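Just below is one structure, and these are the notes that go with it.
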Amino acid sequence: MVTHYVTEGPSHHEDLTSSLHRKKMRKVTLLGLYSRRICQKHFLRFSRSTVSYPYQRNDENLKLAEENEEKPQAFSETIKGIPKKKHAIQMVYCGSGYYGMQINNTIPFPTIEGQIVSALVKAQCIPEICSTNLKSVRFQRCARTDKGVSALAQVVSVRLFDHCENPVEIINSYLPPEICVLGVKRVTKGFNAKLMCDARSYSYTLPTFALSRSADSVPDSSFRLSREDFYHVNKLLSFYKGTHSFHNFTKGKLSDDPSARRHIYAISCSEPFVRHGVEFARIEITGQSFMLHQIRKMVGLIVAVVKGVAAPEFLPLSMNIKKTNLPLAPALGLVLECTHFHSHNRRCQTSLSTRTITWEEFLPTITAFREEKIMPVIIEGELSDLSFSCWLQQFSGYTFL
């Protein structure tokens, strides 16, 4: 509402005061708009540290994210025939031989997204012009896996043409065997794979000699992890539960950066298993979101403590000191196990919608893909290349304080 004030014979002083008042109010208004944009952009990113198990977010936060996603972009208007229907693509892949999930236009190395986008173009799901401008089709990945990291539950949201009768079959025909699309389904127009994901679950597979306080750092078919060491490792891992500042577990983060605070719901070491005579174990972790290299550095620090390279007291110090050097475990054993969309699915069920994101129907395919494509690469990478053994030899060069 705008109110006009009318006076007779205003003086020069009154005109000047009114002008200054209008300029001041305009600055305040602009500042208010700018502040709201900042809040909308970062609200979900920073507020999730208060979310409790089972990692469901407030419906109002999701609605805000959808509204932001639906806002038209100027560059979209310049592209003719742009797809309008939002879809979720559920996929699995073995990351060995790829430089991570995300396309890097400055470095011409193979990435998972590069293969996916190329297949979408060949399958005529998106126009070729959009392959170099993925924002025009609202392309967003659920998790940005690192170089060499595999995934059993990756989700990509993107606008697609919906004229294909069998999009999964057609897209897979243009993909290499180490990448497989499980499903392509319609979702709400405001769906964003990154923002709508409540939590991510990862696993890290490693030989059990790395978790023993006395074993040699080489594969040995006669070695089995003692129960004492097994419980000791799980006790150390439990320190990570809850909300902490993980600024030392990534790069480019300062100790006072709010975005470095991440919440871990669960973390533990599963029961060991034997492959080709050598015992392995799997560290399983679920958190709201993870930063670059965070999980690999979390595993690296635990192994350093177990091997006596770092003292157990260093675990809490790693969260408090401004800067320290932490070992980065090999990428080979890291796998994105599951992505959780509980809040989104709850909203769909409330509105009687069928556009939920679930994994139950794909479990047989996921299990087979793990055993045929991912586990052989991890196991053989250790037994033939001694990747973890070679990595442990680098510990002598680390200083933790």
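One table, with the values for the structure above:
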| quantity | calculated |
| --- | --- |
| Set N166, N172: member being at pLDDT 95 or above and not acidic (D, E) | N172 |
| Subset of segment 274-303 [more than 26 Å from Q102 (Cα to Cα), β-branched (V, I, T) and not in a strand (DSSP E or B)] | I302, V303 |
| Single residue of C164, C180 found to be assigned to a loop (DSSP other than H, G, I, E, B) and of a type in the set (A, V, I, L, M, F, W, C) | C164 |
| In segment 245-290, the residues that are within 21 Å of V233 (Cβ to Cβ) and of a type in the set (S, T, Y) | Y265, S268, S270, T286 |
| Meets criteria (under 26 Å from C197 (Cβ atoms) and either open to solvent by 10 Å² or more (accessible area, probe 1.4 Å) or at pLDDT below 95 (or both)) for K322 | no |
| Residue under evaluation M91, criteria (1) in a helix (DSSP H, G or I); (2) of a type outside the set (D, E); (3) modelled with pLDDT of 95 or more, criterion not met | (1) |
| From L206, L195, residue being open to solvent by less than 10 Å² (accessible area, probe 1.4 Å) and either in contact (Cβ under 8 Å) with a residue 60 or more places away in the chain or of a type in the set (K, R) (or both) | L206 |
| Count of residues meeting criterion [farther than 17 Å from C197 by Cβ and among the β-branched types (V, I, T)] in segment 338-365 | 3 |
| Check on P376, assigned to a helix (DSSP H, G or I) and closer than 24 Å to E284 by Cα | yes |
| Test: residue in segment 380-395 that is closer than 26 Å to V156 by Cα and crowded, with 16+ Cβ neighbours inside 10 Å | no |
| Cβ pairs under 6 Å, 6+ apart, first in segment 244-273 and under 30 Å from S226 (Cα atoms) and in contact (Cβ under 8 Å) with a residue 12 or more places away in the chain, second open to solvent by 30 Å² or more (accessible area, probe 1.4 Å) and assigned to a loop (DSSP other than H, G, I, E, B) | I264/K241; Y265/Y53 |
| Of residues in segment 332-373 being part of a helix (DSSP H, G or I) and of a type in the set (F, W, Y), the one surrounded by the most Cβ atoms within 10 Å (Cβ to Cβ) | F369 |
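The values are calculated or read from the model by the stated rules, or taken from the named source; none is laboratory data. Source: prediction; values computed, not measured. Note: ideal-geometry Cβ built from the backbone for every residue, glycine included; neighbour counts use all protein chains shown. Side chains included, ligands, DNA and RNA excluded: accessible areas come from the protein's heavy atoms. Shrake-Rupley method; radii C 1.70, N 1.55, O 1.52, S 1.80 Å.
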